[in-house]
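The block underneath contains the structure these notes are about, expressed in structure tokens.
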Amino acid sequence: MPAIQIESFRKSYGDVTAVGDLSLSVAEGELFGLLGPNGAGKTTTMETLTGQLVPDSGEISVLGVDPVAHPTRVRERVGILPEKESPPSFMTPREYFEFVGAVRGLASETVDERIERWADRLGFAAKLDTMATDLSRGQQQKVMIAGAFLHEPALVFIDEPLANLDPIVQERVKRFLRDYRDAGNTVVLTTHDVDVAAELCSRVGVVYEGGLVADVRPADLPAEETLLDVFLDRVDATVDGVAGDA
Amino acid sequence: MPDGRTRRVFVAMLREEWRLHGRLFRGSHFALFPVFVAVVTAGAAGGVVGTGTAPETVYAGLHALAVVFGLHTGSIGFVGRDAIDDLLGDLTLLVFSARTLPLSQPRLLGVFVVKDLVYYALLFLLPISLGTATAIAAVGEFPGVASLAGTTALLWATLTCAFVLGMGATLAGLGLAGRGLPGRAVFGAVLAAGAAAWATGVDIAAYTPYGVFLAPTGPRIAGTAVAVAAVSLVGAATFDPTARRPARTVGPTFRRWRRRLGDPVATKTLLDVHRSSGGFAKVLFSAGVLLGVTVGLTDLAGRITGVAPSAGISLGAMLGLSGFTTYNWLTQSDDVDAYRALPLSVAALFAGKLRAFLLLGPAVGLAVYAPAVVWRGGPVGEAIAGAALLVGVACYIFGTTVYLTGFSPNEFLFDTALFAVFGLAMVVPLVPVLVVGFALAPVSPALLAAIGLGSVVLGLIGVALYRRAVPKWTRRYRQD
């Protein structure tokens, strides 16, 4: 059974079509990248897969659960790193993890042990008791990453996970994501960064104007072709501007 | 700032304010707000004066409202930056841009304050003045167009001064508080001097914008101008909107509080209130403002009509309105998006907010009500009925607010249609109760029993509205 199965998914906001007709399948154990320019429908897709939005039409299954009918059940089983959210302003990272642990029904001892592990991994141990509103963007991002993985889910949705992180921490996160996938878990990474997708993902779906325009395995691309070439070709753009603008 | 930059910054800030409101409260609805304000204030003032309340009472209430409005405007712009960030995401107002642009910070702050003054004086205070003065003139003997225009202009001017006083007080308070112990000592000394003057019988009200409105004599105008200017200058001199605060480190509290409260969302919500600017004191302050307005109005009404209003009923009804401000504080620091990564249904989020409200709302209202009703005196039966009324009104207003606005109780303040519905929902139960409290004291046992029963019914309606709100907002939050 695939981790994610999408058939003919459509979603509009008023007159604006965010996702036109998307069909996609992600197997268990994949590190799948959803790559596309701004406004391509990546975040809408992720929010629908995690039950935050209701699609206009289509069939969706996440770990065998319908997120439209059972949004909370899906979110119990997956981890989510939203692009724009930051930890609650008036909680410390430690308290935020305790809050996440309480909501997810984790034992206090488990939470405490994982807090220490994540603080060491991403280097925010000295900030564990600082109010989140006083943390830098990078520190807030580290806390959000740790929060998404706190319950060690079999499937994680991460939206632009490397934003605001320094190069050292970026490398640590990349290594962690590969290890996580190698342990048999599934990771869906949403990004507009072609290099990140090419480096990390075992498979990449390119979305453009609400539809899937390419589905490639970067490792299988011929030597003379890069993921950037595929991306620019399929989204009808050049590095000088969108072709239609000329 | 040379070469017209001040003017350009002023225009840009006006546009920024308009867009902020447009984003927060949907632009087209907000555009109708001044018209709506004029119509509602005219209707309310005409109705209240037409049923026997003295016009002076209405004018006093309006000036108190303008001061409170000024206090809140100042605090939303500066103290509430965290809350606005949480509501709208990353937000950088032009007033905070002195670090990145070649603009003087004091001048920017000055332009910001003037912008707020012009914006709110035109969009809110002018319609209020026009509506009130016209309605009161229409109810009594029409004084003629020239006199009506004069009254409207004077009211607008004094309401604007009251608004400036409120804004200046916020900035001065924040500025002095930020100067450590000496600043706080100065702030405390000013408050103590005011309290002492009031206690020794000095007619402080004469040297306020309201006093000027009642009798615009030279000494009153001069005294008021000095007071408003002094407060504003202290604010301008001491307040620094770009001051960095040190990173706050706190001991772990969540787990300890959760053990007592049970619900993680309720625990987080109360932590938010506790740790955001003002702490739990801001909830008490909001109720205290309502208390001050009620006491002022009942005093004035008593002096004018010769009949002392029922302290229990009037305070209970008015302090029940603190349910709205309390819910506002409970939702200031988060929105539904903040929980979307977690396996929490919208129903669970509302349940957490309800628990937090039940812990904080009635308790704060009663904490203010109990000493106030002892201070004002009156029959025990009225005090008990007032307490029941407070709890009933608070639950009713909570349910109504949740039903109409979900997690954004501020939204309807500038959305004309929502505001009209909310206003109607408040007026229908509260006006009869306030008429009883203001005009029929001492209240008969039969009326007290009816008020007690009505309080229970109001509370139940609040619960019913809350229950209906949950599926409504669950659907809506998943649509966009």
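Looking at region B:1-35 only, could you name the residues that are hydrophobic (A, V, I, L, M, F, W, C), under 22 Å from the mean Cα position of the chain (by Cα) and modelled with pLDDT of 80 or more?
Of everything in region B:1-35, just one residue is hydrophobic (A, V, I, L, M, F, W, C), under 22 Å from the mean Cα position of the chain (by Cα) and modelled with pLDDT of 80 or more, namely B:VAL35.
Mind checking whether some residue in region A:181-192 is more than 16 Å from the chain's Cα centre (by Cα), under 30 Å from A:ALA107 (Cβ atoms) and without any contact (Cβ under 8 Å) to a residue 60 or more places away in the chain?
Yes, region A:181-192 contains at least one residue that is more than 16 Å from the chain's Cα centre (by Cα), under 30 Å from A:ALA107 (Cβ atoms) and without any contact (Cβ under 8 Å) to a residue 60 or more places away in the chain.
Against the definition (within 14 Å of another protein chain (Cβ to nearest Cβ), of a type outside the set (Phe, Trp, Tyr) and surrounded by fewer than 21 Cβ atoms within 10 Å (Cβ to Cβ)), how does B:ARG476 come out, yes or no?
In short, yes.
It is to be established whether one or more residues within region A:138-153 are of a type in the set (Val, Ile, Thr) and more than 10 Å from chain B (Cβ to nearest Cβ).
The answer is yes; a qualifying residue exists.
What are the pairs with Cβ atoms under 8 angstrom where one residue, in region A:145-166, is over 15 Å from A:ARG181 (Cα atoms) and the other, located anywhere, is in a loop (DSSP other than H, G, I, E, B) and of a type in the set (D, E, K, R)? Sequence gap at least six, or different chains.
A:ASP159/A:GLU83; A:GLU160/A:GLU83; A:GLU160/A:ASP193; A:LEU162/A:ASP193; A:ALA163/A:GLU83
Can you give me the ranges of the strands (runs of 3 or more DSSP E) entirely in region A:1-109 with at least 3 residues that are free of Cβ contacts under 8 Å to residues at least 40 places away in the same chain and surrounded by 22 or more Cβ atoms within 10 Å (Cβ to Cβ)?
none
For (1) more than 25 Å from A:LEU162 (Cβ to Cβ); (2) within 12 Å of chain B (Cβ to nearest Cβ), each residue gets a yes or a no:
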position	(1), (2)
A:LYS42	no, no
A:GLN52	no, yes
A:VAL68	yes, yes
A:THR72	yes, yes
A:VAL78	no, yes
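Just name the residue that is nearest to B:LEU349 (Cα to Cα) out of those in region A:110-136 that are of a type in the set (S, T, N, Q) and in a helix (DSSP H, G or I).
A:THR133
Could you tell me which numbered condition A:SER86 fails, if it satisfies all but one of (1) in contact with a helix residue (DSSP H, G or I) (Cβ under 6 Å, 6 or more places away or on another chain); (2) at the interface with chain B (Cβ under 8 Å from one of its Cβ atoms); (3) polar (S, T, N, Q)?
(2)
What about B:PRO362, is it assigned to a helix (DSSP H, G or I) and either surrounded by fewer than 19 Cβ atoms within 10 Å (Cβ to Cβ) or outside the structural domain of B:PRO442 (by TED's automatic domain parsing) (or both)?
no
For region B:442-453, indicate whether the set of residues that are touching a helix residue (DSSP H, G or I) at 6+ places or on another chain (Cβ under 7 Å), of a type in the set (Ser, Thr, Tyr) and assigned by TED's automatic domain parsing to the domain that holds B:ARG355 is non-empty.
no
Yes/no matrix, rows are residues, columns are (1) at pLDDT below 90; (2) out of contact with any strand residue (DSSP E or B) (no Cβ under 7 Å at 6 or more places or on another chain); (3) outside any loop (DSSP other than H, G, I, E, B); (4) in the same structural domain as B:SER104 (by TED's automatic domain parsing):
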site: B:VAL212; (1), (2), (3), (4): no, yes, yes, yes
site: B:PRO219; (1), (2), (3), (4): no, yes, yes, yes
site: B:THR224; (1), (2), (3), (4): no, yes, yes, yes
site: B:SER232; (1), (2), (3), (4): yes, yes, yes, yes
site: B:ALA237; (1), (2), (3), (4): yes, yes, yes, yes
site: B:GLY251; (1), (2), (3), (4): yes, yes, no, no
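If only one of B:LEU342, B:LEU330, B:LEU354 is surrounded by fewer than 22 Cβ atoms within 10 Å (Cβ to Cβ) and within 30 Å of A:ARG75 (Cα to Cα), which one is it?
Residue meeting the stated conditions: B:LEU342.
Which pairs do you get when a residue that is within 10 Å of chain A (Cβ to nearest Cβ) and over 22 Å from B:ALA348 (Cβ atoms), found in region B:247-264, comes within reach of a residue that is basic (Lys, Arg) and surrounded by 13 or more Cβ atoms within 10 Å (Cβ to Cβ), reach meaning Cβ atoms under 7 angstrom, with the pair 6+ apart or on two chains?
Within 7 Å, the pairs are B:PRO252/A:ARG94.
When region B:277-312 is examined, which residues are found to be within 14 Å of another protein chain (Cβ to nearest Cβ) and either buried (at least 21 other Cβ atoms within 10 Å of the Cβ) or outside any loop (DSSP other than H, G, I, E, B) (or both)?
Hit for region B:277-312 is B:LYS282, nothing else.
For region A:134-154, enumerate the residues that are buried (at least 18 other Cβ atoms within 10 Å of the Cβ), of a type in the set (A, V, I, L, M) and under 16 Å from A:ILE80 (Cβ atoms).
Hits for region A:134-154 are A:VAL143, A:MET144, A:ILE145, A:ALA146, A:ALA148, A:LEU150.
If I ask for residues that are surrounded by 18 or more Cβ atoms within 10 Å (Cβ to Cβ) and either touching a residue at least 40 places away in the same chain (Cβ under 8 Å) or within 12 Å of chain B (Cβ to nearest Cβ) (or both), which ones from region A:120-133 would you list?
Those that are surrounded by 18 or more Cβ atoms within 10 Å (Cβ to Cβ) and either touching a residue at least 40 places away in the same chain (Cβ under 8 Å) or within 12 Å of chain B (Cβ to nearest Cβ) (or both): A:ARG121, A:LEU122, A:LYS127, A:LEU128, A:THR130, A:MET131, A:ALA132, A:THR133.
Can B:ALA356 be described as modelled with pLDDT of 95 or more, closer than 22 Å to B:ALA287 by Cα and within 14 Å of chain A (Cβ to nearest Cβ)?
yes
Which of the residues belonging to region B:177-191 are over 24 Å from the mean Cα position of the chain (by Cα) and either among the aliphatic types (A, V, I, L, M) or outside the structural domain of B:GLY166 (by TED's automatic domain parsing) (or both)?
Result: B:LEU181, B:ALA185, B:VAL186, B:ALA189.
Return yes or no: is B:ASP299 under 15 Å from B:GLY352 (Cα atoms) and charged (D, E, K, R)?
no
Quick check on B:ALA341: is it part of a helix (DSSP H, G or I), over 22 Å from the mean Cα position of the chain (by Cα) and under 23 Å from A:ARG104 (Cβ atoms)?
no
The values are calculated or read from the model by the stated rules, or taken from the named source; none is laboratory data. Nothing here was measured: the structure is a model prediction, and the numbers come from that model. We place every Cβ from the backbone using ideal geometry, glycine too, and count neighbours over all the protein chains shown.
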